[in-house]
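Inspection log for the structure reproduced underneath, given as structure tokens.
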Amino acid sequence: MLMTPPRNKREWAVGLISTVVSSIGGGAMTVEHFGLHHWAFSTMGLCALGGLIFACGLPGWAMVRWTFAFIDKRRDDSIDEVAKEVKGML
């Protein structure tokens with residue numbers, strides 16, 4: 001987040017919230033899926049879990065930044081033009 005700072009407070013708040021939510025949700029899902037519960041019994045395992053949970057938050061932050069960039073680029077377009085462009089991307 002420090003390499004490309006948000007443009008305003010609203011974007012910063014949404015980016016921070018989405019990072020925390022995707023860290024908690026994605027980290028929990030990853031730990032559950034791969035059965036990494038036993039890592040919590042050692043100090044190094046807890047450090048590794050913290051890194052894993054942090055890494056799970058980065059995609060959430062990136063998706064929010066991409067969404068803000070997409071919206072800013074098309075701020076003056078009509079909803080029809082935006083819908084056609086999104087449909088073309090999919």
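Data table
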item: In nm, spacing of pseudo-spin labels at H37 and W66 (7 Å Cα→C-beta vector); result: 3.3
item: Förster radius 41 Å - calculated FRET efficiency between K87 and A13 (Cβ-Cβ, nearest 0.05); result: 0.85
item: Calculated on alpha-carbon atoms, Rg and Dmax of the chain in Å; result: 17.4, 55
item: Rough spin-label spacing in nm, given labels placed 7 Å along Cα→Cβ, for V21 and K73; result: 2.4
item: Expected 222 nm ellipticity per residue - DSSP helices of 4 or more, -39500 (n - 2.57), all of the chain, to 500; result: -26500 deg cm²/dmol
item: Sequence-separation-based contact order of region 10-89, relative, with Cα cut under 8 Å and 6+ spacing, percent; result: 39
item: Exposure proxy order (Cβ contacts within 10 Å, fewest to most) of T67, T43, T19; result: T43, T67, T19
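Coordinate-derived values only; no laboratory data. Keep in mind that what you see is a predicted model, and the values were worked out from it rather than measured. Positions of Cβ are generated from backbone atoms using ideal geometry, with glycine treated the same way; all protein chains shown enter the neighbour counts.
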